[in-house]
Amino acid sequence: QSALVDFSWQHVLPTATLNVMLAPDLSITFSKARMLSPDGRCKTFDAAADGYVRGEGIGVIVLKRLSDALADGDKILAVLRGSAVNQDGPSGGLTVPNGPSQQEVIRRALAVGRISPEQIDYVEAHGTGTALGDPIEMGALGAVFAQRTRPLLVGSVKTNVGHLEGAAGIAGVIKVI
């Protein structure tokens, strides 16, 4: 019998994401396109960045209203203050992120959470480790956080486990927690 039986599932949102590579087709295509790191290491935000590494993984978190978690005496590991969703918009292709779109989604998430850029200590970035994408992402972060008076720490879980594709976002959330 599971310990989760006592949870009121009407107030809990289990979230799981999985990435499994069952066939070599995408890896071959990405390798031929020179998107993958030839040495199998993702060097995010590094001058030696030369591609990303595909990875497999699963991440699971349970979201619960803060008021319910407090009332139930749960151990709270993190509080989600705000989130936002955006699409990349026009860009030069799959491996070319759109900096203004990234700025917009970051600003929207801060606004939804009623948080100023100065309140942020750390950003878990997408950071695939490509010479084209990483500078665009850092430029977007620089634009949003330009008025800060103290350093902003930035990292990416991809340097540890590779790009988990469909599970990449949840891997980053788990890393931060």
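Test SER91 against the criterion of being part of a loop (DSSP other than H, G, I, E, B), open to solvent by 30 Å² or more (accessible area, probe 1.4 Å) and under 19 Å from MET138 (Cα atoms), and give yes or no. Taking the combined requirement at face value, the residue satisfies it.
For ASN86, the conditions (1) modelled with pLDDT of 95 or more; (2) open to solvent by 50 Å² or more (accessible area, probe 1.4 Å) are fulfilled apart from (1).
Checked against the criterion of being open to solvent by less than 30 Å² (accessible area, probe 1.4 Å) and within 17 Å of ILE170 (Cα to Cα), segment 32-53 has no qualifying residue. Looking at segment 117-144 only, could you name the residues that are more than 18 Å from VAL173 (Cα to Cα) and touching a Lys or Arg at 6+ places or on another chain (Cβ under 7 Å)? PRO117, GLU118, GLY129, VAL144 - these are the residues of segment 117-144 that are more than 18 Å from VAL173 (Cα to Cα) and touching a Lys or Arg at 6+ places or on another chain (Cβ under 7 Å). Annotation: of all residues in segment 63-83 being small (Gly, Ala, Ser) and part of a helix (DSSP H, G or I), the one that is least open to solvent (accessible area, probe 1.4 Å) is ALA69.
So that you can scan it fast, the table gives a plain yes or no per residue for (1) modelled with pLDDT of 95 or more; (2) charged (D, E, K, R):
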site: GLU124; (1), (2): yes, yes
site: ALA140; (1), (2): yes, no
site: ALA168; (1), (2): no, no
site: ALA171; (1), (2): no, no
site: ILE174; (1), (2): no, no
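Only one of the numbered conditions (1) touching a helix residue (DSSP H, G or I) at 6+ places or on another chain (Cβ under 8 Å); (2) loosely packed, with under 13 Cβ neighbours inside 10 Å; (3) at pLDDT 95 or above; (4) not basic (Lys, Arg) is not met by VAL60, and that is (3). On the stretch given as segment 133-177, residues that are surrounded by 15 or more Cβ atoms within 10 Å (Cβ to Cβ) and not in a helix (DSSP H, G or I) total 9.
The values are calculated or read from the model by the stated rules, or taken from the named source; none is laboratory data. Keep in mind it's a predicted model, so treat the numbers as computed, not measured. All Cβ positions, glycine included, derive from the backbone under ideal geometry; neighbour counts span all protein chains shown. These accessible areas exclude ligands, DNA and RNA; they are computed on the full protein's heavy atoms, side chains included. Shrake-Rupley method; radii C 1.70, N 1.55, O 1.52, S 1.80 Å.
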